[in-house]
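So the structure is just underneath, and the comments pick up after that.
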Amino acid sequence: MHEDVVIRRGRRSGLPLIVAVHSRTLGPAVGGCRLRRYAHWREGLTDALRLSEAMTYKAAVAGLDFGGGKSVIALEQDTDLTPQLRRAALEDLGELIASFDGSYRTGPDVGTGPDDMVVLRRFSPYAYCAPEEHGGTGDSGGPTAVGVLAALHAGARHVFGTASCAGRTVVVSGFGSVGGRIASGLAAEGAHVVVSDVDASREQAALAGGYGWVEPGQALSAPADILVPAAVGGVLSEASVPTIGARLVVGPANNQLTEETVADTLAQRDIVWIPDYVAGAGGIAYALGREAEGESHEAARKRVEGIGATVSRVLDLSRSTGTTPLEAARRIAEDRLDAAVPRTRTA
């Protein structure tokens, strides 16, 4: 059950705008702004509802005093997104976000970036990750990668008995901003890194960087110790899980499971999967620490590195209770939510 769902057609752009607030139990709802094409705007609503709920659990497990939300600008498949229409849509969304008076806060997501936050900040100060010259923390890819690496090392300790990835084969599916940083970090500690991306033009850059390359359709089944989903979600299904060769799956891609029962299938195959909302919390943890809580870079980075301890807690609970990591993470989040006094902060 969501606390607020607002659907509005922008007065400048004429595009459907959606803001979904799942929970403010721990504090103001936070969640990125997604600008994406859909067959029908109702698919954008489904995205907003699902992702805002995931944000509630991401914040709760990470120990953040924030709830979960999401905003969506829904484009039809044939919409010509001109620069003028894009700006109009962002201005419409900025007005809508301002109407929440700080109880819903946003940042970049699929289809938006730091420069778009500058437009939103004309209407509300609660748009995070704008470029540093505009008072924000900029691209969240770096902190997200740091958090994933911390999660990966904690998972490796649980599965292999050591946090070190030296000598291990790791497949990173998605060689973009975050995936590239993860690959670089793993290679620096001596891992054999193989990357994949739907953008074939990235193959030459990968090979030039000393990485192996595997075609996207073969990334999940490639021989590996660790699989890092770092691109689109929905890659772990009842059909794909039996092809996975890795023993540990951990990455920042959102909504990796096509349905929750896939978590049980992974466990039955003795594959340890770290829930994506646990592993991928570094970007939001860093931005909120710096921009909402006023922390220093060092303090915010330490918070991000704490994702490793969170993963260890999740996996220890999973092992002791005989449940999946997904169920263990949910239990930790729900215990925190149940113990909290509902409140909404606007400053």
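The values are calculated or read from the model by the stated rules, or taken from the named source; none is laboratory data. All figures in this text were calculated on a predicted structure; none of them were measured in a lab. Positions of Cβ are backbone-derived with ideal geometry, glycine not excepted, and every protein chain shown enters the neighbour counts.
Among the residues of the stretch 112-158, which ones are of a type in the set (A, V, I, L, M, F, W, C), assigned by TED's automatic domain parsing to the domain that holds N254 and either surrounded by fewer than 20 Cβ atoms within 10 Å (Cβ to Cβ) or touching a Lys or Arg at 6+ places or on another chain (Cβ under 8 Å) (or both)? Before the answer, list the steps.
If we filter the stretch 112-158 for residues that are of a type in the set (A, V, I, L, M, F, W, C), which is where we start, we get 117-120, 123, 127, 129-130, 145-146, 148-152, 154, 156.
Next, only the ones that are assigned by TED's automatic domain parsing to the domain that holds N254 stay: 145-146, 148-152, 154, 156.
Answer for the stretch 112-158, where residues must be of a type in the set (A, V, I, L, M, F, W, C), assigned by TED's automatic domain parsing to the domain that holds N254 and either surrounded by fewer than 20 Cβ atoms within 10 Å (Cβ to Cβ) or touching a Lys or Arg at 6+ places or on another chain (Cβ under 8 Å) (or both): A145, V146, A156.
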Item to complete: Could you tell me whether any residue of the stretch 73-86 is in contact with a Ser or Thr (Cβ under 9 Å, 6 or more places away or on another chain) and either in the same structural domain as V232 (by TED's automatic domain parsing) or in a strand (DSSP E or B) (or both)?
Response: yes
Fill in: Identity of the residue in the stretch 116-163, assigned to a loop (DSSP other than H, G, I, E, B) and polar (S, T, N, Q), that ends up nearest to T310 (Cα to Cα)
T162
Fill in: Conditions (1) touching a helix residue (DSSP H, G or I) at 6+ places or on another chain (Cβ under 6 Å); (2) farther than 20 Å from V314 by Cα; (3) not assigned by TED's automatic domain parsing to the domain that holds G155; number of the one not met by L288
(1)
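Any residue at all in the stretch 317-337 that's within 17 Å of T144 (Cβ to Cβ) and among the hydrophobic types (A, V, I, L, M, F, W, C)? Spell out how you get there, then give the answer.
Taking the stretch 317-337 as the starting set, the residues that turn out to be within 17 Å of T144 (Cβ to Cβ) are none.
Within the stretch 317-337, none of the residues are within 17 Å of T144 (Cβ to Cβ) and among the hydrophobic types (A, V, I, L, M, F, W, C).
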Practice prompt. Looking only at the stretch 61-97, count how many residues are crowded, with 19+ Cβ neighbours inside 10 Å, of a type in the set (A, V, I, L, M, F, W, C) and more than 20 Å from Y126 (Cβ to Cβ).
Written response: 3
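Can you name the residue in the stretch 29-46 that is crowded, with 21+ Cβ neighbours inside 10 Å and under 18 Å from A89 (Cα atoms) and, of all such residues, is farthest from the chain's Cα centre (by Cα)?
For the stretch 29-46, the residue satisfying everything is G44.
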Item to complete: From the list E298, E291, pick out the single residue that is free of Cβ contacts under 8 Å to residues at least 60 places away in the same chain and over 11 Å from A62 (Cβ atoms).
Response: E298
Discussion item. Can you name every one of the helices (runs of 4 or more DSSP H) wholly within the stretch 249-347 that holds 3 or more residues which are more than 21 Å from L51 (Cα to Cα)?
Written reply: 261-268, 297-305, 307-321
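When you go through V195, V172 one by one, which is the residue that is within 16 Å of the chain's Cα centre (by Cα) and not in a loop (DSSP other than H, G, I, E, B)? Talk me through it step by step, then tell me what you get.
On the way: V195 fails: within 16 Å of the chain's Cα centre (by Cα).
Criteria check complete, one pass: V172.
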Worksheet item: So which of L236, L266 ends up being buried (at least 23 other Cβ atoms within 10 Å of the Cβ), touching a helix residue (DSSP H, G or I) at 6+ places or on another chain (Cβ under 8 Å) and either modelled with pLDDT under 95 or assigned by TED's automatic domain parsing to the domain that holds R168 (or both)?
Response: L236
Practice prompt. Just one of (1) on the phi > 0 side of the Ramachandran plot; (2) in contact with a His (Cβ under 9 Å, 6 or more places away or on another chain) trips up V272, so point out which.
Written response: (1)
